[in-house]
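Every read-out reported here was derived from the displayed coordinates using simple, explicitly stated rules and does not represent laboratory data. Keep in mind that this is a model prediction, so the values were computed, not measured. Every residue, glycine as well, gets a Cβ built from its backbone with ideal geometry; the counts of neighbours run over all protein chains shown.
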Amino acid sequence: MPFHNIRCAWSAFFDDQGRETDDDAQVDYVILELLRTEGDFRCPCGYTTQYHYDMTEREVRDLAWGPWRAVFLLVPRYRVDCPHCGVRTETLDWIVPNCTYTRRLAEAVALACREIRSIAAIAEAFGLSWNAVKRIDKAALRGELNPPDFSGLRRLGLDEFSLKKRHRYATSFVDLDSGRVVWVCRGRGREAVEYVFKEVFGETVCAGIEAVSMDMWKPYERAVEACLPNAEIVWDLFHIIKNYNRDVMDRVRVDEAEKCQGQEERKRFKGSKWLVIKNPDNLRDDEPARLADLLAANQKLAKAYILRDVLKQCWAYRDTAGAKAWFEGWLARAVGSRIKPLARFARKLKERLPGILAHCIHPISNGMLEGINNLIKVIKRVAFGYRDFDYFFLKIRGYYHHRA
C-alpha cells in the first residue's frame, strides 16, 4: 500500500498525561488514524486480490509535523489469503519492516547520525529511545557500506589505534588514493590482518594492491608478505622518526644526564625530554635557546639530533640509486659516531632498507592515517566509548564514506 493511497480518518491531541486536549500549548503528542483509499490488496509476492483475510491496526511513529514533535499513526494492516504463500501481511513500503517507525523518520535519524554527535543527543532531539536511534543508524550504515567497495584499491595504509586500555587495539585499512577507510578489524596481530586480506578483500583485490604504507610492526609485515603478492612495503617516515626518538634520542639523553657532575650540567637536562624530540618548527618561547644551549654543551646528543634530521632527507629522493647511496653515507656516519644506541638503530634500519627505498617509487606515508586516528578518538570521546565494536567500526567507515 503506497503512502499516497491512504487518508487521515481522524486525529486526536494528547497532553503529557495521556489526556485528550484542545489546548495547543498542552499538546505532547498526536495520533492520526489512517484509512486506505484503494480497493486491491497485495501479497508480498505480487499477487493482488479485492478481498482480504483480516485486518488489525498498528501504531507507528512518524516524523514531527510542524509543532508536533511526537506523531503516531494508526495504520490498518491487512492480511491476504494468497494461493501461493498462504495468509500473509501486506507490505507497506513506507514503514521499516518489523519496526514501529516510518521509513522517512528512520532516514532523518540516520542523516542526523552522520554528524559527530552522541546518540543520546539525537535521541532527545527526535524523542526516541537510545536503543532505537542506535538500531536505525547501524542498519543504515550496514545498508550503505556493505558489501564494501574495494574498487580502485591500489595503495593501502595500515595502522593501529587503541580501543581500550591495557593494550587492546584495532587496525584500520585506508585507501591512500581516495582517503576512504575501507575496513576496520579488531586486533593488530598477523592472524587478524590475514583474515581481512583473505576473507574480506579476497584474492583479486589483494593481487591488485601495489604498495602498503605502515610502521615497522612485524605482524603487519608478515601478513602483507603472505597475502599481497604484488605489493611493496613502504616504511612510514613518521613511525621511523618516532622509533628513533624513543630508541636513540631518549636513550642518549638519559645516559648523558647520568654522567653529569655539576649542578649546572644537570640543570640543562632538566625538562629536556620533549625539547629534543620536538620538530624545530614547533619550538616556542625560550625553547630554541634552551635547545641550542643543551646541544652546544653535549656533543653526543648534538650528533644524534643532527643525524635524526638528516635521516629525513632520504624520503625526499625519487631516484632509488641516489637514495641508496645517500643512506649508505648516513649509515657510515651513524655507525662511526661511537654512540651505541644510534649505531644499533642504524643497523636495524639497514635491514629494512628495501622498504625505505620503495618510497622513491611509491611516495606514500601514514600521515593521513594519523589524522584518521585523531578523528577516531573524537568519535569515541563524543560517544563516551563504544561497547558494540561492530557499530563503532561502521561509524568510522561511514564518516569517510560520506566525505568521499
Which of the GluC sites (Glu not before Pro) across the range 55-151 are loop residues per DSSP, with 13 or fewer other Cβ within 10 Å? Glu115
Give me Lys303, Lys273, Lys218 ranked fewest to most by other Cβ atoms within 10 Å of their Cβ, as a rough exposure proxy. Lys218, Lys273, Lys303
Percentage of Cα-Cα pair distances in the range 122-210 greater than 19 Å, rounded to whole percent? 53
Could you list which residues have their amide H under 5 Å from that of Glu232, counting only those 5 or more apart in sequence or on another chain, with H placed in the peptide plane? Ala211, Val212
So what's the Cα pair-distance distribution over the range 237-361, bin width 10 Å, in %? 12, 42, 31, 13, 2, 0
How large is ³J(HN,Hα) for each residue in the range 55-60, as worked out from phi by the Karplus curve 6.51 cos²θ - 1.76 cosθ + 1.60 (θ = phi - 60°), to whole Hz, x for Gly and Pro? 8, 10, 9, 10, 9, 10
For Ala70, the residues 5 or more places away or on another chain with a placed amide H closer than 5 Å to its own amide H are Val30
Here the range 89-99 yields Karplus 3J(HN,Hα) values (6.51, -1.76, 1.60; θ = phi - 60°; whole Hz; Gly and Pro given as x) of 7, 4, 8, 9, 5, 9, 10, 5, x, 6, 10
What does the charge dipole of the range 47-179 about its Cα centre add up to, to the nearest 20 debye, if the Cβ of each Lys and Arg holds +1 and the Cβ of each Asp and Glu holds -1? 580
Given the DSSP H assignment, sum -39500 (n - 2.57) over each helix run of at least 4 residues in the chain and divide by its residue total; what's the result at 222 nm in deg cm²/dmol, nearest 500? -13000 deg cm²/dmol
Set the Förster radius R0 to 45 Å, insert the Cβ-Cβ distance between Leu283 and Ile361 as r into 1/(1 + (r/R0)^6), and round the FRET efficiency to 0.05. 0.85
Quick check: convex hull over the Cα atoms of the range 1-95, volume per residue in Å³, rounded to an integer? 98
In terms of the ratio Rg/(2.2 N^0.38 Å) built on C-alpha atoms, what value belongs to the chain? 1.44
Long-range HN-HN contacts of Arg77 with modeled amide H, under 5 Å: Thr56, Glu57, Arg58
Once Lys and Arg get +1 and Asp and Glu get -1 on their Cβ, which of Val200, Ala346, Phe13 lies farthest toward the positive end of the dipole of the chain? Ala346
Volume per residue of the C-alpha convex hull in the range 176-236, rounded to whole Å³: 84
